[in-house]
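**Student:** Once you've had a glance at the structure underneath, I'll fire off some questions.
The values are calculated or read from the model by the stated rules, or taken from the named source; none is laboratory data. This structure is a prediction, so every number in the text was calculated from the model and none was measured. Cβ placement follows ideal geometry from the backbone for every residue including glycine, while neighbour counts extend to all protein chains displayed. Note: accessible area is taken over every heavy atom of the protein model, side chains too, but ligands, DNA and RNA are not part of it. Shrake-Rupley method; radii C 1.70, N 1.55, O 1.52, S 1.80 Å.
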Amino acid sequence: MHSAAIFINIFALICLIIALIKDKAKTKQSLIIAVKSFIRIIPTVLIMILLIGLLLEFVPPGEISRIAGEQSGFSGVLLLALSGAIMHIPSLISFPLGASLLESGASVTAVAAFIVTLTMIGTITLPLEIKELGKKMALLRNGISFIIALVIAFIMGVIL
Amino acid sequence: MKENMKEKQKKGMIRDVIILGITLIIMVILLSIFPDKREVVTTTSRDFFIEMIWILPGVMVLMGLFAVWVPKEVIVKYLGKTSGIKGISLAILFGALPTGPLYIVFPMAAALIKKGARVSNIIIFLSAWACIKIPQEMVELRFLGLKFMLARLILTIIFVIIMGVFIEQLMKWSDKKVNKVTEGKDNADV
(Lines give C-alpha, C1' and ligand atoms only; values in the text may rest on other atoms or scores of the structure.)
Protein backbone atom coordinates (compact mmCIF):
# COMPACT_ATOMS: atom_id res chain seq x y z
CA MET A 1 0.00 0.00 0.00
CA HIS A 2 1.24 3.46 -0.85
CA SER A 3 1.88 5.95 1.95
CA ALA A 4 -0.87 8.28 0.70
CA ALA A 5 -3.40 5.48 1.07
CA ILE A 6 -2.08 4.57 4.52
CA PHE A 7 -2.20 8.20 5.59
CA ILE A 8 -5.75 8.84 4.43
CA ASN A 9 -7.05 5.65 6.00
CA ILE A 10 -5.37 6.29 9.34
CA PHE A 11 -6.59 9.88 9.28
CA ALA A 12 -10.13 8.72 8.51
CA LEU A 13 -9.92 6.12 11.26
CA ILE A 14 -8.80 8.70 13.85
CA CYS A 15 -11.64 11.03 12.83
CA LEU A 16 -14.04 8.12 13.01
CA ILE A 17 -12.94 7.20 16.54
CA ILE A 18 -13.26 10.80 17.72
CA ALA A 19 -16.68 10.98 16.10
CA LEU A 20 -17.77 7.76 17.78
CA ILE A 21 -16.77 9.09 21.18
CA LYS A 22 -18.62 12.34 20.56
CA ASP A 23 -21.87 11.13 19.06
CA LYS A 24 -22.80 7.61 18.08
CA ALA A 25 -25.98 8.43 16.18
CA LYS A 26 -24.26 11.06 14.04
CA THR A 27 -21.38 8.71 13.33
CA LYS A 28 -23.77 6.03 12.19
CA GLN A 29 -25.40 8.54 9.87
CA SER A 30 -21.96 9.49 8.50
CA LEU A 31 -21.09 5.87 7.85
CA ILE A 32 -24.36 5.33 6.01
CA ILE A 33 -23.50 8.30 3.78
CA ALA A 34 -19.98 6.91 3.28
CA VAL A 35 -21.22 3.46 2.28
CA LYS A 36 -23.83 4.96 -0.04
CA SER A 37 -21.28 7.21 -1.77
CA PHE A 38 -18.90 4.28 -2.03
CA ILE A 39 -21.50 2.10 -3.75
CA ARG A 40 -22.47 5.04 -5.94
CA ILE A 41 -18.94 5.64 -7.19
CA ILE A 42 -17.85 2.01 -7.68
CA PRO A 43 -19.35 1.50 -11.17
CA THR A 44 -17.67 4.68 -12.41
CA VAL A 45 -14.37 3.60 -10.88
CA LEU A 46 -14.63 0.22 -12.59
CA ILE A 47 -15.51 1.77 -15.95
CA MET A 48 -12.53 4.10 -15.74
CA ILE A 49 -10.16 1.38 -14.65
CA LEU A 50 -11.20 -0.89 -17.53
CA LEU A 51 -10.86 2.02 -19.94
CA ILE A 52 -7.40 2.84 -18.57
CA GLY A 53 -6.35 -0.79 -19.09
CA LEU A 54 -7.62 -0.75 -22.66
CA LEU A 55 -6.21 2.71 -23.33
CA LEU A 56 -2.71 1.81 -22.22
CA GLU A 57 -2.65 -1.39 -24.21
CA PHE A 58 -4.64 -0.73 -27.34
CA VAL A 59 -3.83 2.89 -28.08
CA PRO A 60 -0.18 2.93 -29.12
CA PRO A 61 1.84 5.28 -26.86
CA GLY A 62 3.03 7.09 -29.98
CA GLU A 63 -0.54 8.00 -30.77
CA ILE A 64 -1.24 9.68 -27.42
CA SER A 65 2.02 11.59 -27.44
CA ARG A 66 1.28 12.66 -31.02
CA ILE A 67 -2.13 14.00 -29.99
CA ALA A 68 -1.29 15.40 -26.54
CA GLY A 69 2.48 15.12 -26.13
CA GLU A 70 5.13 17.83 -26.00
CA GLN A 71 5.34 18.14 -29.77
CA SER A 72 1.59 18.52 -30.20
CA GLY A 73 1.92 22.04 -28.83
CA PHE A 74 -1.07 24.21 -28.04
CA SER A 75 -3.60 22.14 -29.96
CA GLY A 76 -2.94 19.08 -27.76
CA VAL A 77 -3.37 21.13 -24.59
CA LEU A 78 -6.53 22.72 -25.94
CA LEU A 79 -7.93 19.34 -26.94
CA LEU A 80 -7.46 17.85 -23.47
CA ALA A 81 -8.70 21.04 -21.80
CA LEU A 82 -11.87 20.88 -23.90
CA SER A 83 -12.42 17.20 -23.18
CA GLY A 84 -11.97 17.91 -19.49
CA ALA A 85 -14.55 20.68 -19.66
CA ILE A 86 -17.12 18.49 -21.40
CA MET A 87 -16.55 15.21 -19.56
CA HIS A 88 -18.55 14.56 -16.44
CA ILE A 89 -16.60 12.17 -14.24
CA PRO A 90 -15.80 12.47 -10.53
CA SER A 91 -12.53 14.33 -10.03
CA LEU A 92 -11.38 11.43 -7.87
CA ILE A 93 -11.12 9.31 -10.99
CA SER A 94 -9.51 12.04 -13.07
CA PHE A 95 -6.23 11.44 -11.23
CA PRO A 96 -5.60 7.82 -12.26
CA LEU A 97 -6.83 8.74 -15.73
CA GLY A 98 -4.40 11.66 -15.86
CA ALA A 99 -1.60 9.40 -14.62
CA SER A 100 -2.25 6.88 -17.35
CA LEU A 101 -2.28 9.64 -19.97
CA LEU A 102 1.08 10.87 -18.65
CA GLU A 103 2.43 7.34 -18.72
CA SER A 104 1.48 6.95 -22.35
CA GLY A 105 3.20 10.11 -23.46
CA ALA A 106 0.88 13.07 -22.90
CA SER A 107 2.61 16.24 -21.71
CA VAL A 108 2.34 17.56 -18.14
CA THR A 109 0.74 20.72 -19.53
CA ALA A 110 -1.98 18.81 -21.34
CA VAL A 111 -2.74 16.54 -18.38
CA ALA A 112 -2.80 19.49 -15.96
CA ALA A 113 -5.20 21.33 -18.27
CA PHE A 114 -7.38 18.21 -18.42
CA ILE A 115 -7.56 17.81 -14.66
CA VAL A 116 -8.19 21.48 -13.92
CA THR A 117 -10.98 21.85 -16.48
CA LEU A 118 -12.46 18.52 -15.49
CA THR A 119 -12.76 19.54 -11.86
CA MET A 120 -13.61 23.23 -12.23
CA ILE A 121 -15.92 23.31 -15.22
CA GLY A 122 -19.22 21.50 -15.34
CA THR A 123 -20.88 21.61 -18.73
CA ILE A 124 -23.53 19.12 -17.66
CA THR A 125 -24.20 20.94 -14.40
CA LEU A 126 -24.20 24.35 -16.13
CA PRO A 127 -28.02 24.60 -16.46
CA LEU A 128 -28.33 24.02 -12.71
CA GLU A 129 -25.59 26.54 -12.01
CA ILE A 130 -27.35 29.13 -14.20
CA LYS A 131 -30.62 28.46 -12.44
CA GLU A 132 -29.11 28.94 -8.99
CA LEU A 133 -26.56 31.68 -9.61
CA GLY A 134 -27.87 33.51 -12.63
CA LYS A 135 -26.59 33.47 -16.17
CA LYS A 136 -23.93 36.11 -15.76
CA MET A 137 -22.15 34.63 -12.77
CA ALA A 138 -22.34 31.03 -13.99
CA LEU A 139 -21.06 31.78 -17.48
CA LEU A 140 -18.31 34.06 -16.17
CA ARG A 141 -17.16 31.43 -13.68
CA ASN A 142 -17.02 28.63 -16.21
CA GLY A 143 -15.54 30.79 -18.98
CA ILE A 144 -12.80 32.32 -16.84
CA SER A 145 -12.10 28.92 -15.28
CA PHE A 146 -11.26 27.63 -18.72
CA ILE A 147 -8.77 30.43 -19.27
CA ILE A 148 -7.13 30.02 -15.87
CA ALA A 149 -6.99 26.26 -16.42
CA LEU A 150 -4.85 26.91 -19.48
CA VAL A 151 -2.67 29.39 -17.56
CA ILE A 152 -2.20 26.96 -14.65
CA ALA A 153 -1.40 24.17 -17.10
CA PHE A 154 1.27 26.21 -18.91
CA ILE A 155 2.91 27.29 -15.67
CA MET A 156 2.94 23.65 -14.54
CA GLY A 157 4.42 22.61 -17.86
CA VAL A 158 7.24 25.11 -17.34
CA ILE A 159 8.03 24.33 -13.69
CA LEU A 160 7.60 20.53 -13.72
CA MET B 1 -37.19 17.81 -3.82
CA LYS B 2 -35.41 15.15 -1.80
CA GLU B 3 -37.38 12.38 -3.48
CA ASN B 4 -36.43 13.90 -6.77
CA MET B 5 -32.74 13.76 -5.85
CA LYS B 6 -33.06 10.11 -4.81
CA GLU B 7 -34.75 9.32 -8.09
CA LYS B 8 -31.94 11.05 -9.98
CA GLN B 9 -29.31 9.19 -7.97
CA LYS B 10 -30.96 5.90 -8.77
CA LYS B 11 -31.15 6.73 -12.46
CA GLY B 12 -27.50 7.77 -12.48
CA MET B 13 -26.54 4.50 -10.82
CA ILE B 14 -28.47 2.45 -13.36
CA ARG B 15 -26.87 4.41 -16.19
CA ASP B 16 -23.40 3.82 -14.77
CA VAL B 17 -24.02 0.09 -14.38
CA ILE B 18 -25.21 -0.11 -18.01
CA ILE B 19 -22.11 1.75 -19.21
CA LEU B 20 -20.00 -0.59 -17.09
CA GLY B 21 -21.68 -3.58 -18.75
CA ILE B 22 -21.01 -2.17 -22.22
CA THR B 23 -17.38 -1.46 -21.32
CA LEU B 24 -17.00 -5.02 -20.03
CA ILE B 25 -18.49 -6.47 -23.22
CA ILE B 26 -16.17 -4.33 -25.37
CA MET B 27 -13.24 -5.44 -23.26
CA VAL B 28 -14.13 -9.12 -23.53
CA ILE B 29 -14.58 -8.86 -27.31
CA LEU B 30 -11.31 -6.97 -27.77
CA LEU B 31 -9.40 -9.36 -25.57
CA SER B 32 -10.78 -12.44 -27.33
CA ILE B 33 -9.67 -10.97 -30.65
CA PHE B 34 -6.25 -10.11 -29.25
CA PRO B 35 -5.54 -12.83 -26.69
CA ASP B 36 -1.87 -11.83 -26.43
CA LYS B 37 -2.91 -8.51 -24.84
CA ARG B 38 -5.12 -10.20 -22.30
CA GLU B 39 -2.56 -10.43 -19.56
CA VAL B 40 -1.25 -6.88 -19.80
CA VAL B 41 -4.72 -5.32 -19.84
CA THR B 42 -5.98 -7.31 -16.88
CA THR B 43 -2.81 -6.63 -14.91
CA THR B 44 -2.98 -2.87 -15.59
CA SER B 45 -6.66 -2.69 -14.70
CA ARG B 46 -6.15 -4.82 -11.63
CA ASP B 47 -3.27 -2.69 -10.39
CA PHE B 48 -5.27 0.52 -10.80
CA PHE B 49 -8.23 -1.13 -9.12
CA ILE B 50 -6.17 -2.16 -6.10
CA GLU B 51 -4.76 1.36 -5.79
CA MET B 52 -8.24 2.87 -5.85
CA ILE B 53 -9.85 0.35 -3.55
CA TRP B 54 -7.23 0.99 -0.87
CA ILE B 55 -7.66 4.73 -0.96
CA LEU B 56 -11.45 4.99 -1.38
CA PRO B 57 -12.67 3.87 2.07
CA GLY B 58 -10.75 6.64 3.84
CA VAL B 59 -12.00 9.22 1.35
CA MET B 60 -15.60 8.10 1.70
CA VAL B 61 -15.55 7.94 5.50
CA LEU B 62 -14.14 11.48 5.68
CA MET B 63 -16.80 12.70 3.26
CA GLY B 64 -19.54 11.10 5.33
CA LEU B 65 -18.22 12.51 8.61
CA PHE B 66 -17.92 16.05 7.28
CA ALA B 67 -21.31 15.93 5.60
CA VAL B 68 -22.95 15.22 8.95
CA TRP B 69 -20.73 17.26 11.26
CA VAL B 70 -20.42 20.40 9.17
CA PRO B 71 -23.94 21.00 7.93
CA LYS B 72 -24.62 23.29 5.01
CA GLU B 73 -26.30 25.82 7.28
CA VAL B 74 -23.08 26.38 9.21
CA ILE B 75 -21.10 27.04 6.05
CA VAL B 76 -23.71 29.44 4.73
CA LYS B 77 -23.89 31.21 8.08
CA TYR B 78 -20.17 31.86 8.36
CA LEU B 79 -19.44 32.59 4.71
CA GLY B 80 -22.40 34.93 4.48
CA LYS B 81 -20.98 37.49 6.85
CA THR B 82 -17.22 37.46 6.49
CA SER B 83 -15.18 39.35 3.95
CA GLY B 84 -11.62 40.39 3.21
CA ILE B 85 -8.75 37.97 3.70
CA LYS B 86 -10.68 36.14 6.39
CA GLY B 87 -13.56 35.63 4.01
CA ILE B 88 -11.26 34.36 1.27
CA SER B 89 -9.50 31.91 3.60
CA LEU B 90 -12.79 30.69 4.96
CA ALA B 91 -14.16 30.23 1.44
CA ILE B 92 -11.16 28.08 0.50
CA LEU B 93 -11.27 26.13 3.74
CA PHE B 94 -14.98 25.39 3.50
CA GLY B 95 -14.59 24.57 -0.18
CA ALA B 96 -11.80 22.11 0.58
CA LEU B 97 -13.84 20.21 3.15
CA PRO B 98 -14.34 16.65 2.05
CA THR B 99 -17.98 16.84 1.10
CA GLY B 100 -20.07 16.02 -1.93
CA PRO B 101 -20.06 16.82 -5.62
CA LEU B 102 -20.46 20.19 -7.33
CA TYR B 103 -24.21 20.07 -7.86
CA ILE B 104 -25.06 20.08 -4.16
CA VAL B 105 -23.07 23.28 -3.69
CA PHE B 106 -25.07 25.42 -6.12
CA PRO B 107 -28.10 25.75 -3.83
CA MET B 108 -25.69 26.71 -1.05
CA ALA B 109 -24.17 29.37 -3.27
CA ALA B 110 -27.64 30.65 -4.09
CA ALA B 111 -28.41 30.90 -0.37
CA LEU B 112 -25.16 32.84 0.04
CA ILE B 113 -26.18 35.33 -2.64
CA LYS B 114 -29.50 35.86 -0.89
CA LYS B 115 -27.65 36.46 2.36
CA GLY B 116 -25.62 39.15 0.67
CA ALA B 117 -22.27 37.37 0.72
CA ARG B 118 -19.54 38.84 -1.46
CA VAL B 119 -19.42 37.60 -5.03
CA SER B 120 -15.69 36.95 -4.70
CA ASN B 121 -16.26 34.68 -1.71
CA ILE B 122 -18.97 32.74 -3.49
CA ILE B 123 -16.86 32.20 -6.60
CA ILE B 124 -13.82 31.19 -4.54
CA PHE B 125 -15.94 28.85 -2.43
CA LEU B 126 -17.52 27.22 -5.49
CA SER B 127 -14.21 26.77 -7.28
CA ALA B 128 -12.41 25.48 -4.21
CA TRP B 129 -15.28 23.07 -3.68
CA ALA B 130 -14.89 21.90 -7.25
CA CYS B 131 -11.17 21.30 -7.38
CA ILE B 132 -9.53 21.29 -3.96
CA LYS B 133 -10.79 18.48 -1.78
CA ILE B 134 -8.62 17.34 1.09
CA PRO B 135 -9.01 13.56 0.66
CA GLN B 136 -8.88 13.80 -3.11
CA GLU B 137 -5.52 15.49 -2.87
CA MET B 138 -4.29 12.21 -1.38
CA VAL B 139 -5.47 10.40 -4.48
CA GLU B 140 -3.75 13.00 -6.64
CA LEU B 141 -0.58 12.59 -4.58
CA ARG B 142 -0.71 8.84 -5.08
CA PHE B 143 -1.19 8.89 -8.82
CA LEU B 144 0.50 12.07 -10.01
CA GLY B 145 3.18 12.68 -7.41
CA LEU B 146 3.94 15.32 -4.82
CA LYS B 147 5.28 17.96 -7.22
CA PHE B 148 2.29 17.79 -9.53
CA MET B 149 -0.16 17.87 -6.64
CA LEU B 150 1.49 20.79 -4.84
CA ALA B 151 1.95 22.81 -8.02
CA ARG B 152 -1.67 22.35 -9.03
CA LEU B 153 -2.93 23.05 -5.51
CA ILE B 154 -0.97 26.27 -5.03
CA LEU B 155 -1.56 27.60 -8.54
CA THR B 156 -5.26 26.78 -8.32
CA ILE B 157 -5.65 28.63 -5.03
CA ILE B 158 -3.84 31.70 -6.39
CA PHE B 159 -5.81 31.84 -9.62
CA VAL B 160 -9.15 31.04 -8.04
CA ILE B 161 -8.72 34.03 -5.71
CA ILE B 162 -7.77 36.25 -8.64
CA MET B 163 -10.78 34.99 -10.56
CA GLY B 164 -13.13 35.60 -7.64
CA VAL B 165 -12.00 39.19 -7.18
CA PHE B 166 -12.04 39.79 -10.93
CA ILE B 167 -15.58 38.47 -11.40
CA GLU B 168 -16.76 40.56 -8.44
CA GLN B 169 -15.33 43.71 -10.00
CA LEU B 170 -16.78 42.78 -13.37
CA MET B 171 -20.23 42.25 -11.92
CA LYS B 172 -20.07 45.51 -9.96
CA TRP B 173 -19.01 47.33 -13.06
CA SER B 174 -21.76 45.88 -15.23
CA ASP B 175 -24.38 46.48 -12.52
CA LYS B 176 -23.31 50.09 -12.37
CA LYS B 177 -23.63 50.33 -16.11
CA VAL B 178 -27.15 48.89 -15.97
CA ASN B 179 -28.04 51.31 -13.17
CA LYS B 180 -26.73 54.24 -15.19
CA VAL B 181 -28.78 53.22 -18.20
CA THR B 182 -31.96 52.91 -16.13
CA GLU B 183 -31.19 56.19 -14.35
CA GLY B 184 -30.79 57.83 -17.73
CA LYS B 185 -34.15 56.44 -18.75
CA ASP B 186 -35.77 57.74 -15.58
CA ASN B 187 -34.40 61.19 -16.26
CA ALA B 188 -35.64 61.04 -19.81
CA ASP B 189 -39.09 60.15 -18.54
CA VAL B 190 -39.09 63.24 -16.35
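**Student:** Within segment A:120-134, is even one residue at the interface with chain B (Cβ under 9 Å from one of its Cβ atoms), hydrophobic (A, V, I, L, M, F, W, C), under 16 Å from the mean Cα position of the chain (by Cα) and buried (at least 21 other Cβ atoms within 10 Å of the Cβ)?
**Tutor:** Yes, segment A:120-134 contains a residue that is at the interface with chain B (Cβ under 9 Å from one of its Cβ atoms), hydrophobic (A, V, I, L, M, F, W, C), under 16 Å from the mean Cα position of the chain (by Cα) and buried (at least 21 other Cβ atoms within 10 Å of the Cβ).
**Student:** Additional query: For B:V181, work out the one condition from (1) of a type in the set (V, I, T); (2) more than 13 Å from the chain's Cα centre (by Cα); (3) at pLDDT below 90; (4) open to solvent by less than 30 Å² (accessible area, probe 1.4 Å) it doesn't fulfil.
**Tutor:** (4)
**Student:** Only helices (runs of 4 or more DSSP H) wholly contained in segment A:1-97 count here; list those with 2 or more residues that are under 30 Å from A:L126 (Cα atoms) and within 9 Å of chain B (Cβ to nearest Cβ).
**Tutor:** Where helices (runs of 4 or more DSSP H) fall fully within segment A:1-97 and carry at least 2 residues being under 30 Å from A:L126 (Cα atoms) and within 9 Å of chain B (Cβ to nearest Cβ), they are A:24-58.
**Student:** Would you tally the residues in segment B:134-181 being facing chain A (nearest Cβ under 9 Å) and among the basic types (K, R)?
**Tutor:** Number satisfying all stated conditions: 3.
**Student:** Are any of the residues in segment B:38-50 aliphatic (A, V, I, L, M), open to solvent by 70 Å² or more (accessible area, probe 1.4 Å) and away from chain A (no Cβ under 11 Å)?
**Tutor:** The answer is no; no qualifying residue exists.
Each row is one residue, and each column tells you yes or no for (1) more than 21 Å from B:A96 (Cα to Cα); (2) outside the structural domain of A:A5 (by TED's automatic domain parsing); (3) of a type in the set (A, V, I, L, M, F, W, C).
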| site | (1), (2), (3) |
| --- | --- |
| A:G69 | yes, yes, no |
| A:L78 | yes, yes, yes |
| A:S83 | yes, yes, no |
| A:I121 | no, yes, yes |
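**Student:** Can you tell me which residue among A:I155, A:I159 is assigned by TED's automatic domain parsing to the domain that holds A:S75, of a type in the set (A, V, I, L, M, F, W, C), at pLDDT 90 or above and open to solvent by less than 70 Å² (accessible area, probe 1.4 Å)?
**Tutor:** Residue meeting the stated conditions: A:I155.
**Student:** Return the total of residues in segment A:98-113 being assigned to a loop (DSSP other than H, G, I, E, B) and either of a type outside the set (A, V, I, L, M, F, W, C) or at pLDDT below 90 (or both).
**Tutor:** 3
**Student:** Checking the condition at the interface with another protein chain (Cβ under 10 Å from one of its Cβ atoms), aliphatic (A, V, I, L, M), assigned to a helix (DSSP H, G or I) and under 22 Å from A:L51 (Cα atoms), which residue from B:M60, B:M27 passes?
**Tutor:** B:M27
**Student:** Going through A:A149, A:A138 one at a time, which residue ends up being open to solvent by less than 10 Å² (accessible area, probe 1.4 Å), more than 7 Å from every other protein chain (Cβ to nearest Cβ) and out of contact with any Lys or Arg (no Cβ under 9 Å at 6 or more places or on another chain)?
**Tutor:** A:A149
**Student:** Return yes or no: is B:I33 open to solvent by 60 Å² or more (accessible area, probe 1.4 Å) and either modelled with pLDDT of 90 or more or touching a Pro at 6+ places or on another chain (Cβ under 9 Å) (or both)?
**Tutor:** yes
**Student:** Among the residues of segment A:10-58, how many are open to solvent by 20 Å² or more (accessible area, probe 1.4 Å), out of contact with any Gly (no Cβ under 8 Å at 6 or more places or on another chain) and among the small types (G, A, S)?
**Tutor:** Number satisfying all stated conditions: 1.
**Student:** Yes or no: A:I89 touching a residue at least 12 places away in the same chain (Cβ under 8 Å) and within 26 Å of B:D16 (Cβ to Cβ)?
**Tutor:** Here the answer is yes, as A:I89 does meet what is asked.
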